[in-house]
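Here is the structure we will look at.
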Amino acid sequence: MTEPDRDASRLYIWTIACILFVFLVAGGGCLLAYITVPEYQSSNLLPVLGLIFVCMPWIFWILTVLYRLLSRAFGFRMVLDGLYVENSAKVRGDDNGDDAEVVDVDVKSNKNDGEAKDISNP
């Protein structure tokens, strides 16, 4: 199996990190506004929204850990199309390539479906 696309992985990591940072800043802003704005001008939703936004990274990481544990326990894993791409095909046939036929062209996994596929017609 080929190496995963590291650029796509880094893009996902930076995107998630930026989203979590925005949640933290928004939550901190709500809590700061609740503390600094006089009581008659502030809303009762500010502390609730502030705590929800500040807790979002914790919720995300807890759900990530639960997903990893459950996916290993039950044997399933969701894979995004752009992250893991198989660029090679398994070929069965003579060494010189005259009677070669592709046996696996599945781009999402490395499993062989057992069928021979004709590569002469593109």
Subject >> Flag for Ala26 being modelled with pLDDT of 95 or more and over 19 Å from the mean Cα position of the chain (by Cα) >> reply: yes
Original post:
Out of all the residues in the range 10-32, which are surrounded by fewer than 15 Cβ atoms within 10 Å (Cβ to Cβ) and aromatic (Phe, Trp, Tyr)?
Top reply: Tyr12, Trp14, Phe21
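The values are calculated or read from the model by the stated rules, or taken from the named source; none is laboratory data. Since the structure is predicted, the reported quantities are computational estimates derived from the model, not experimental observations. Here the Cβ is made from the backbone with ideal geometry for all residues, glycine too, and neighbour counts use every protein chain on show.
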